[in-house]
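Engineer: I'd like to ask some things about the structure below.
Every number in this text was worked out from the coordinates using simple rules, so none of it is lab data. Since the model is a prediction, treat every value here as computed from it, not as a measurement. In this analysis, Cβ positions are derived from the backbone assuming ideal geometry, glycine residues included, and neighbour counts consider all displayed protein chains.
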Ligand code: TYM
């Protein structure tokens, strides 16, 4: 094994194509080489109000999405964050290590809190510290995520450094972010400058993993484009990557091309060369077929799994027991380092 992976998804809405291509699909691929722990982070979800019944449903639905995408529960651990109290206990200790100045720099807090910061929950503010606790409780070595989580992972690394310096030990392990590929940042279908997000009020901005073929076709037909035909290979630099100026000038076109590349497992350069000079209508039809072929079976399997919520709960209970067994001894060492008496 090359190391231990930890990653998570919030159960705040049905997962979308960004979550799948930016995170979950990569997890499935890394499973064979790493020991894996995947978490449905319900404690992160309640940093903004969640309807309790919906939260329960979404926690099961995200679990179903992990399983339907190909996470093998016999090998990898899947559990709900609130079912392992170690996360909350470690988060408190790390809250006393992280500095207010560090949290003040977190762009995601600024975006989520909006203009009325005073009205945001304290949990939303210390959200990245809980995320650090998630990872550090397992001494995870690698964290595969989309690009939007990069700053949070840097904070986790800062916490490790300060903790180890303060207490003169190598108790915590610094995690390596694993971010990359054409889908590290999938953008909204309505505005190519905004990331595809669960919280966008317009459902036309994203493709959900549970969308049926007609809905996917409709959303892609309506996806924003521009009046030109698809770009040619002159937009590529010598490494075969899209030049930044070209991408900034046509964000929607390059977002759809990147989605096509990720879904078909090709470099963006190959997709650009295939569709150079063609019109969007035909390209969108091919993209629809591809998205339906990839997401259709996953959505169908999610529905099948969700018809048996008891089975999903069993998977989570088993995963939580494994998660506790892995993290409790690590928490004990950390508590001892801090100076707590044994409990
Ligand atoms: P969340 O629930 O917002 O997103 C889950 C995963 O999907 C990725 N992602 C995207 N990737 C590409 N394009 C997009 N448009 C896009 N939108 C989301 C995210 O980067 C993430 O990998 N804070 C985390 C959850 C978390 C976590 C952790 C992750 C809690 N603890 C510990 C890793 C390790 C979050 O809100 O993800």
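Engineer: What do you get for the angle between helix 251-264 and the principal long axis of the chain? Use alpha-carbon atoms, 0 to 90 degrees, nearest ten.
Structural biologist: Value to nearest ten degrees: 80.
Engineer: Let me ask something additional. Using only the alpha carbons of region 83-144, what is the convex hull's orientation-averaged projected area in square nanometres? Provide the component values of the computation, followed by the final result.
Structural biologist: Details: hull surface 20.3 nm².
Here the figure is 5.1 nm², rounded to one decimal.
Engineer: Any chance you could give the angle, 0 to 90 degrees and rounded to 10, that helix 213-222 forms with the longest Cα principal axis of the chain?
Structural biologist: Compared with the principal axis, the helix lies near 70 degrees.
Engineer: Can you give me the relative contact order of the chain as a percent, contacts being Cα pairs under 8 Å and 6 or more apart? Write out the running numbers ahead of the final one.
Structural biologist: Values: 513 pairs, mean separation 78.1, N = 343.
With pairs under 8 Å counted, the relative contact order is 23 percent.
Engineer: Moving to a separate point now. Expressed as a fraction of 2.2 N^0.38 Å, the rule-of-thumb size for a compact globular protein of N residues, what is the C-alpha radius of gyration of region 263-343? Let's see the in-between values first.
Structural biologist: On the way: Rg = 24.0 Å, N = 81, 2.2 N^0.38 = 11.7 Å.
Compared with the compact-globule rule of thumb, region 263-343 sits at 2.05.
Engineer: Right, another one. In square nanometres, what is the average projected area of the Cα convex hull of region 1-73? Let's see the in-between values first.
Structural biologist: Numbers: hull surface 19.3 nm².
Taking the Cα atoms of region 1-73, their convex hull projects to 4.8 nm² on average.
Engineer: Indicate, rounded to the nearest 5 percent, the antiparallel portion of the DSSP beta bridges found entirely in the chain. List each step's numbers first, then the result.
Structural biologist: On the way: 3 of 17 bridges.
Rounded to the nearest five, the antiparallel share is 20 percent.
Engineer: Same structure, new question: Once fully extended, how much extra length lies between residue 314 and residue 203, figured as 0.36 nm per residue of separation less the alpha-carbon to alpha-carbon distance?
Structural biologist: Numbers: separation 111, 0.36 × 111 = 39.96 nm, distance 3.16 nm.
Contour length minus Cα-Cα distance gives 36.8 nm.
Engineer: Could you please state, rounded to a whole Å, how far the C-alpha centre of region 239-307 is from the C-alpha centre of region 143-210?
Structural biologist: 21 Å
Engineer: Could you please state, rounded to a whole Å, how far the C-alpha centre of region 20-36 is from the C-alpha centre of region 53-88?
Structural biologist: 15 Å
Engineer: Moving on to the next point. Contact order normalised by length for region 210-305, with contacts defined as Cα pairs under 8 Å and 6 or more residues apart; what percent is it?
Structural biologist: Answer for region 210-305 is 44 percent.
Engineer: Please work out the FRET efficiency for the pair residue 328 and residue 119, using the Cβ-Cβ distance as r and a Förster radius of 51 Å; give the result to the nearest 0.05.
Structural biologist: Details: r = 36 Å, r/R0 = 0.71.
The computed FRET efficiency comes out at 0.90.
Engineer: Could you work out how far helix 150-167 tilts from the main Cα principal axis of the chain, as a 0 to 90 degree angle to the nearest 10?
Structural biologist: Computed tilt is about 20 degrees.
Engineer: Now for a different question. Just need the relative contact order of region 25-160 here, percent rounded to a whole number, with Cα pairs under 8 Å and 6+ apart. Write out the running numbers ahead of the final one.
Structural biologist: Values: 105 pairs, mean separation 39.8, N = 136.
It comes to 29 percent, rounded to a whole number.
Engineer: Moving to a separate point now. Helix-only estimate, please: 222 nm mean residue ellipticity of the chain, summing -39500 (n - 2.57) across DSSP H runs of length 4 or more and dividing by its residues, to the nearest 500.
Structural biologist: Values: 14 runs with 178 residues, N = 343.
My calculation for the chain gives -16500 deg cm²/dmol from helical runs alone.
Engineer: Please state, as a whole number in µm²/s, the translational diffusion coefficient that the Stokes-Einstein equation yields for region 210-305 at 4 °C and 1.567 mPa s, with Rh defined as the Kirkwood radius across alpha carbon pairs.
Structural biologist: Values: Rh = 14.1 Å.
It diffuses with D of about 92 µm²/s by this estimate.
Engineer: Mind checking the log10 I(q)/I(0) for region 1-122 at q = 0.10, 0.16 Å⁻¹? Debye, one equal scatterer per Cα, no solvent, two decimals.
Structural biologist: Per q value, in the given order, log10 I(q)/I(0) is -0.37, -0.93.
Engineer: Average projected area of the Cα convex hull of the chain, in nm²?
Structural biologist: On the way: hull surface 74.2 nm².
Taking a quarter of the hull surface, the average projection is 18.6 nm².
Engineer: Given a Förster radius of 30 Å and the C-beta distance between residue 245 and residue 147 as r, what FRET efficiency does 1/(1 + (r/R0)^6) yield to the nearest 0.05? Please list the in-between numbers first.
Structural biologist: Values: r = 20 Å, r/R0 = 0.65.
That pair, residue 245 with residue 147, gives E of 0.95.
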